[in-house]
Structures are given as structure tokens and as C-alpha cells.
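Right, one structure below, let's go through it.
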2 protein chains.
Amino acid sequence: MPQANDQAQTQHHLRTLSDAVDTGALQSIRHLLKSLSSPDIAHLIESSPPRQRAVLWRLLDSEREGNVLQELGDDVQAQFLKGMDTDELIALTDGLEPDDIADILQQLPDRIIQEVLLAMDTQDRQRVEKILPYQEDTAGGLMNTDNISVRADITLDVVLRYLRRLPELPEIFDTIFVVNRNDRFLGQLSISKLLSSDPAMTVREIMATDIEPILASVPDTEVANLFERHDWVSSPVINEDGELLGRITIDDVVDVIRDDADHSLLSMAGLDEDSDTFATVRNTFPQRALWLGLNLLTALFSANVIGLFEQTIEKVVALAVLMPIVASMGGVAGNQTLTIIIRGMALGQIGKSNTYWLFSRELGVAICNGLLWASCAALVASLWFNDIIIGAIIASAMIINLMTAATAGVLIPVALRAMKIDPALAGTMALTTITDAVGFFSFLGLATVFLT
Amino acid sequence: MPQANDQAQTQHHLRTLSDAVDTGALQSIRHLLKSLSSPDIAHLIESSPPRQRAVLWRLLDSEREGNVLQELGDDVQAQFLKGMDTDELIALTDGLEPDDIADILQQLPDRIIQEVLLAMDTQDRQRVEKILPYQEDTAGGLMNTDNISVRADITLDVVLRYLRRLPELPEIFDTIFVVNRNDRFLGQLSISKLLSSDPAMTVREIMATDIEPILASVPDTEVANLFERHDWVSSPVINEDGELLGRITIDDVVDVIRDDADHSLLSMAGLDEDSDTFATVRNTFPQRALWLGLNLLTALFSANVIGLFEQTIEKVVALAVLMPIVASMGGVAGNQTLTIIIRGMALGQIGKSNTYWLFSRELGVAICNGLLWASCAALVASLWFNDIIIGAIIASAMIINLMTAATAGVLIPVALRAMKIDPALAGTMALTTITDAVGFFSFLGLATVFLT
């Protein structure tokens, strides 16, 4: 059957599951699990509340646990890993790819890592140990060691016979790497070329040498940008000496791309991209509490700014009615600028040479919007409170705050990046603090001067 | 040279470019362009302000224009397409893949599409015309027609000889599709299998038949989820009759994944994911103005809510000082809930069966956070204004507003999705309107009852 509607199918499975858990009809869950592939089961687990999730995991065949586990997000993975003893972990890693085993091991205490490694056969252990030193978020951490490499001076016919003799070829298999006797990377031979060329030719004659292999220490975000830009399916990974270490395949890069994009979205709301959508209240609360606590501090700061003008407000209550408008417009406009800059940074578009241009553009837009909406706000305010001066004040304050918002929206992420602080995480709150404070101060300050 | 630092390299190119444009040293730009691949040039163009961008495009060899153009985002692409006549467009499409040509054509007026199609050779035209009817955001719009298909009853040796006779194999080439005499999809043969099996075997013996081909009408977001979940490199696309139409490759899916993720991020700030980071003030202004105008309306609505309580504020000015705190906490907490739900929806995790659980979880977190931060706010407010009742009022209002925020954060996206409105686009503003209004109303309302 064609994949008519994948989302609808997931929702159907979720309902089946939820009904079965409620009625205790475990047989129908077993049946469901048998009919699904490991990635689909992982998706179902990630889309399930804790109670259904526990039942799914319990009923899953133990041979499939490893395959399902490596498809799960870090947070959900950790939940299941926590409950396992060493023997279960050893059984779990059986049949997984070295990079997936390394990802799982990196979440465990050192003592357990050693025990699991000792239980593996020598070849597998060596492969995993080759990857383990690299951080998960570098090219080295993304790479696998299932690459096939040949020498340059053999014929394609020899390559074809060599491939046929191998017990297994990698699942994603688009290129063969060419190395010299010291394992230094020389170039690559695409499978398309191999299949379409005369078997009597040598590898050297048809290999591509304009490939730039990726250094193991390159951050995963940059790996993702390279793959995205060059439409790669796989890429060789080398160390500082040019020695071939392994290869990165697109399936792992896709996860990085998704995570990177999610990172900006979630960080801007003070959330973590690894976090589980269906985490319990207990697991969700601490992080949310921290963010709200920080926001309370910044809100108290803004309240303090308002407090400076208590006497002015006492005389003209209309100011209390109108002041949130100025703050809100600044916050929304600044957030637009901030989002553009943060996304441009994630895509590697923004640096010293073009920041000034972006700043001028944002300021230009702010002035246009300021003139447009400040006039509207002035009109409404003047009519509402029957006072032209109050209209002029809200208009001036709004223009000031929109220009502040544009400036802060560009400068905050640039400054945070220079300080090596994640602009997506800290940017939103810093921005709102500034637009609130400047909004209240300019509006109430102008009112103090011109109205009282 | 290995790709030491891709972002730093881009920034270096941008500086070279910007200096060369300033000093008129066009030769060095020509030199730079020659040294870069088409995707790198596209990235440089997308990272450049308009003036540098125009120079880059002008100095680009005309044979490379097509390849660079198809790498650009829709918005930037449209800017260059606007300035071209039909002959230039015809020259441009030469050598591009059918799906990329279709993407470009879909941006042009019907009359010009016909002219460009007529200028193409018959085979190319037929390929493009096969794709053109499908919307860019469906499986049909993503697919290419460069797939290679064979019958099930031939031997692998015949397949290998057939491949060698073809003038060219696709760049991304991981599977061969198997069809019957009516072109109906039967299964697929992976290149790995082809290379590792005995050439005397038939295709039928080793082809995989558990593949679910994608229907041409499936939305691209769902295609992306399927690729992501199953680690596919390519996938067959069929019509309702099961006939093989073409195939989708991972490079095009990666763009969808990036766009999808960007969509949530940018829409939540009222921005468009196709928009150009370096758009001019004139191009940026209208969309930003619309969003700020909508925000002004909602801010005026909140001001009206405050206006109901002018007399209360007149009596107790402290209320004006404290009221933005209640609104701000609700806005920030609600935005967290909203972001979680919108992202869960984008990942296909959220449906009827688990919404209620998520709602309870969010409400639980809101109550915990409410109790924690309302107490803190109460303490600060009581000490600041030396009035315990004002502390009790701000605490109660904050708990009410955090619970409202959790409810709105779940219900708004669910309701918007049911009404077929994009939750990411409309959600933020709807949410802030509610948390502002409820925040001001509960705080000032309670104060009116208990303080005056």
C-alpha cells in the first residue's frame, strides 16, 4: 500500500495504542509493533505519553530494542538507558552501527562504557573506540567506519570483484574512497562512474580528486551546511595528517539539520532541542521555572522603570493605559529583527562585512514602520483621551522604541556571539528587557516633561 | 585543502567581495568566482547585500547562471528572473535537471513558460511537462524523472551491461526501480545488492518489495518526515494507479526539512521562510508593516482592557507599575507551550489521542510555576508597596494568567489547525492578545474588588 497519509497513520496507531492501554488489550499492541518498522516504532514512542510509552517499550522484542533506541532523541533515549543493566546494554548494542553505539555509550558512565566495550568482539570494539574520542557534535562524532577504500592503481574490474567478495556493502553506498599505502585520502570513485566506465580502466583514471574531505574536528553544524550546499550523500572524514578515518552519510546529517533548525526555534522560547515533547511535569518544570524566573527578574526591572514615574501616572492615568502599547510594538519589531539575524547566523550568512548593511536596513524599516504606526497610534490616542499632546508623546516614544528595537535586534546577537554565548538562547530575553525598559522610559519620560 | 572552517571562508570571501566592489577591482571578483563551485557562489550571493549581489551576478559566466540560480532561495531567484528575457531564460535552463527547471518555470508567467518549453528538445520538454502540473510543495513537485527502471525477469548481468550502455547515470544513484510492462512499480534493487550478488541471479530474486512508494500528491512535509524516519536516499513516486512517475532524492528533501524548520521559526515572528535575508527596505517593509499593524490592533485591545480600570489605577498607582509583570509572565509561559505544540505538530507527533495529556502536563507545569513565582512576586510587591493585599492580588492574577497561558498555548494551535490556519503564523499574536488581556483584567479586576 502506498504511504497515503503518514501523519494520519501515526494518529491512528496512537489511538489504537491508547485504547489498548486503557482496556489492557496488550495483544493488539504486540500486533501493532510487529507490523511497524523500527523508525516507525521510535516515532510512535516519541509521540506517546509516558504510560503508553512504557507499555510499548515493555512489549517490544528485545532484539529490536537497539534499533528502535538509536532512532530516539537523546532525552527519550536516556530515559530507557537509565533502567538498564550492563548485560541489557551489551545485548542492545549488538547489530548497531559503530556511530550509533558510540552515541549511546557517550550517555553512560565510564565504568559501564568499558564493560560494554569489553563484551564486544575485537573488530567492532576497535571501530567504536575509533569514534568514541570525538564529541557527538563534530564530524568525528557523526562519522561511521563502514567506508570501503581501494588503491588508485587497480582496475575497475578488480574493484568490482573485490566488492562482490565482501560479506556486506554499506546501506548507503554512493562512493568508494581512494587511499595511498599510508591510508591518506587521495580521491573518490563514485559508484555511478564505476558502473558506467570500462572495467579495464584504472581507479586513478576516473577518480574525482577535487573532493574536499572533512576534518574530524569540524563542528556538525558546518558539516550540515556543507552537505546541504553540495548535495552530498556521503563525505570522507580525515584527521590533521590527511589520513582517512571514516565517512559521514546524509542520514546522520539530516538529523543535524533538523536539530539545528529546532535549536533556534526552541532556544528562542527558552526550551532545549533535545527535550522530549512528552516529558512529565517533574522533568519539564525545572527548565521552565528557570526561564520564567529570569523573565520575572527582567519584568521587575521594567516595573522599576515605570516606578520612576509614579507621580506622572498619578496625574495622567491615560499613560498607564497606553504605555503597554509602546513596549509591545518594540518587542514585536525587535523580535522580527532578532529572528532574521539568528537565522542568518545559523545559515552562515552573517559576518563583519555585512552586519552594518543589515543594521541600516533594519533601521530603515523601523523608521518607515515607526512613521506609519506612530501616526495611527497618535491619532487613536489623541481621539481617545481628547489630547493631542498625548498623541504626540506616544508617537515619539514609539518611533524611539522601534529604532531601539532594530538596533538591539542586530547588536544583541552579534555581541552574544562575540562573547561565545548562544544568541538564540539569550537573545529574546535580553531584547524584551531593552524594548520594555526603553518603551516605558521614553513614553513616561516624555510625558513627565511635556504633560506635567 | 580540507574544509577547515567553512563559515570563516565565506566571511573571507564576503570581505574580498565587499572590498573589491568598493575599490572597483572587478578582476579579483572574477578570480573569486572562478575558484568557487556553483553552490558556494549561490551561498555568497545569498549572503551579500544588493550592491555586491548585482556585481556577482553580472560577472558570473553565463553558462554557470542556471546552476547557481537553482541553488538560490525562491525570493532571490525571483529577483534575478525578473530581469531576464525569454532567450536568457532558455539559455539558463540548459543543462539543469527537470525538477529544477520546473521550479524556475513555476515562478514565470504562463506565456513565457510555453516559450521556454518550446525551445527545449523533445525529451527534456516531456520530462519537464511531466513534473510541471504538480505543486512545488508536493511529492510530484519534488520528484525527478532521472530514475532508471528495469523488468523483474532479467539477470543482474543484463542490468550491469544495460547501465554501462547508458550515456549517463544519475548523480545520486542508490537504487534501480523494478516495473512491470505497464510501468507499474513492483519493487527496487539497491546498487549495493546489485554489486554484491551473483550476476547470474535475476532481479526478481533480490529486489526489495517491502518498499512503500510515495504518492505524487503527498505534501512535501510528509515526504521529509518519511525520508528522515527511514534514512532514505531516494524513493520512488507513483500516481494513483501505481504507475512509476519518477523519484525523489535526499538532496531535494534536505531543502524541505530546512524550509519546514525555518517556517516554524520565522512564522512565529511573522516572517516568511522564503524571504531573502538581504532584502531591501522597500521589499521588507510591507510584510513587517502588516505584522506590526496587527500587533498595534491587539495592543489597543489590551489598552482597552486597562482602560476599564482607569479609576482603580487612579486610586492605586502601584497597580500601573506591577501590571506589566503579570502580562509578561503569561506571555513568556504561553509562548513556551505554543512552541512545544507547534514543533510537535511539525514533527507529526500531535493528534487527538495525546492532546489532552499534553494539556494536563502544561497545566501542571503552569500550576507549579505559578505557585513558585507568584509567591516571589507577592513577596517583592508586598515589600515594595508595603501592602500585603497587593501581593496577594499579583500572586492570584499571575497564577490565573499562567493557567490561561497553558490552556491557550495548547488550544490555539489545535483550533487553528482544525480551521486549516497555520498555527505557527497566527499562534503567537493570538496567544499574546489573550495573555495580555487576561493578565491585565485579572490583576486590575481583583484590585478593583479588594483594594478600592
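The values are calculated or read from the model by the stated rules, or taken from the named source; none is laboratory data. Worth saying up front: this structure is predicted, and the values here are computed from it rather than measured. For neighbour counting, all protein chains shown are included, and Cβ atoms are generated from backbone atoms with ideal geometry for every residue, glycine included. Note: accessible area is taken over every heavy atom of the protein model, side chains too, but ligands, DNA and RNA are not part of it. Shrake-Rupley method; radii C 1.70, N 1.55, O 1.52, S 1.80 Å.
Here B:Pro199 passes the criteria (1) under 38 Å from the mean Cα position of the chain (by Cα); (2) open to solvent by 20 Å² or more (accessible area, probe 1.4 Å); (3) at the interface with another protein chain (Cβ under 9 Å from one of its Cβ atoms); (4) touching a residue at least 24 places away in the same chain (Cβ under 8 Å) except the one numbered (1). Among residues of the stretch A:402-431 that are assigned by TED's automatic domain parsing to the domain that holds A:Arg288, those with a beta-carbon under 8 Å from a residue that is open to solvent by 20 Å² or more (accessible area, probe 1.4 Å) and charged (D, E, K, R) at least six positions away or on a different chain give the pairs A:Leu416/A:Asp422; A:Pro423/A:Arg417.
The number of residues in the stretch A:204-248 being β-branched (Val, Ile, Thr), buried (at least 22 other Cβ atoms within 10 Å of the Cβ), more than 9 Å from chain B (Cβ to nearest Cβ) and within 22 Å of B:Pro170 (Cα to Cα) comes to 1. When the stretch A:100-130 is filtered for residues that are in a helix (DSSP H, G or I), of a type outside the set (D, E, K, R) and surrounded by fewer than 15 Cβ atoms within 10 Å (Cβ to Cβ), the ones remaining, listed by number, are A:Gln114, A:Leu118, A:Thr122, A:Gln123, A:Gln126.
Looking only at the stretch A:131-171, which residues are surrounded by fewer than 18 Cβ atoms within 10 Å (Cβ to Cβ) and assigned to a helix (DSSP H, G or I)? The answer is A:Asp157, A:Val158, A:Leu160, A:Arg161, A:Tyr162, A:Arg164, A:Arg165. Taken across the stretch A:364-378, residues that are open to solvent by less than 10 Å² (accessible area, probe 1.4 Å), in contact with a Ser or Thr (Cβ under 7 Å, 6 or more places away or on another chain) and not acidic (Asp, Glu) do occur, with at least one present.
Of the residues A:Asp260, A:Asp231, which single one is touching a helix residue (DSSP H, G or I) at 6+ places or on another chain (Cβ under 7 Å) and on the phi > 0 side of the Ramachandran plot?
Answer to the check: A:Asp231.
Taking A:Thr277 as meeting all but one of (1) at the interface with chain B (Cβ under 9 Å from one of its Cβ atoms); (2) of a type in the set (S, T, N, Q); (3) in a helix (DSSP H, G or I), write down the number of the exception. It is condition (3) that A:Thr277 fails. Taking residues in the stretch B:22-41 that are within 11 Å of chain A (Cβ to nearest Cβ), and partners anywhere that are outside any helix (DSSP H, G or I), the pairs with Cβ atoms closer than 6 Å and at least 6 places apart or on different chains are B:Pro39/B:Glu71.
Every listed requirement among (1) within 14 Å of chain B (Cβ to nearest Cβ); (2) part of a helix (DSSP H, G or I); (3) open to solvent by less than 30 Å² (accessible area, probe 1.4 Å); (4) without any contact (Cβ under 8 Å) to a residue 60 or more places away in the chain is met by A:Gln188 save one, (2). Select from the stretch B:303-334 the residues that are surrounded by fewer than 24 Cβ atoms within 10 Å (Cβ to Cβ), facing chain A (nearest Cβ under 7 Å) and not aliphatic (A, V, I, L, M) and list them in ascending order. B:Gly307, B:Glu310, B:Glu314 - these are the residues of the stretch B:303-334 that are surrounded by fewer than 24 Cβ atoms within 10 Å (Cβ to Cβ), facing chain A (nearest Cβ under 7 Å) and not aliphatic (A, V, I, L, M). Is at least one residue of the stretch A:249-269 crowded, with 23+ Cβ neighbours inside 10 Å, touching a residue at least 24 places away in the same chain (Cβ under 8 Å) and in a strand (DSSP E or B)? Yes, the conditions are met somewhere in the stretch A:249-269. When only residues in the stretch B:176-185 that are touching a residue at least 60 places away in the same chain (Cβ under 8 Å) and in a strand (DSSP E or B) count, which is surrounded by the most Cβ atoms within 10 Å (Cβ to Cβ)? If we take residues in the stretch B:176-185 being touching a residue at least 60 places away in the same chain (Cβ under 8 Å) and in a strand (DSSP E or B), then B:Phe177 is surrounded by the most Cβ atoms within 10 Å (Cβ to Cβ). When the stretch A:341-354 is limited to residues that are in contact (Cβ under 8 Å) with a residue 40 or more places away in the chain and at the interface with chain B (Cβ under 7 Å from one of its Cβ atoms), the one that is nearest to B:Arg258 (Cα to Cα) turns out to be A:Arg343.
The condition of being open to solvent by 20 Å² or more (accessible area, probe 1.4 Å) and of a type in the set (Ser, Thr, Tyr) holds for A:Ser37.
The residues on offer are B:Gln11, B:Gln3, and the sole one that is in a loop (DSSP other than H, G, I, E, B) and at pLDDT below 85 is B:Gln3. Pairing residues of the stretch A:274-286 that are under 23 Å from A:Ile257 (Cα atoms) and polar (S, T, N, Q) with residues that are open to solvent by 30 Å² or more (accessible area, probe 1.4 Å) and in a helix (DSSP H, G or I), at Cβ distances under 6 Å and at least 6 apart in sequence or on separate chains, gives A:Ser275/A:Asp75.
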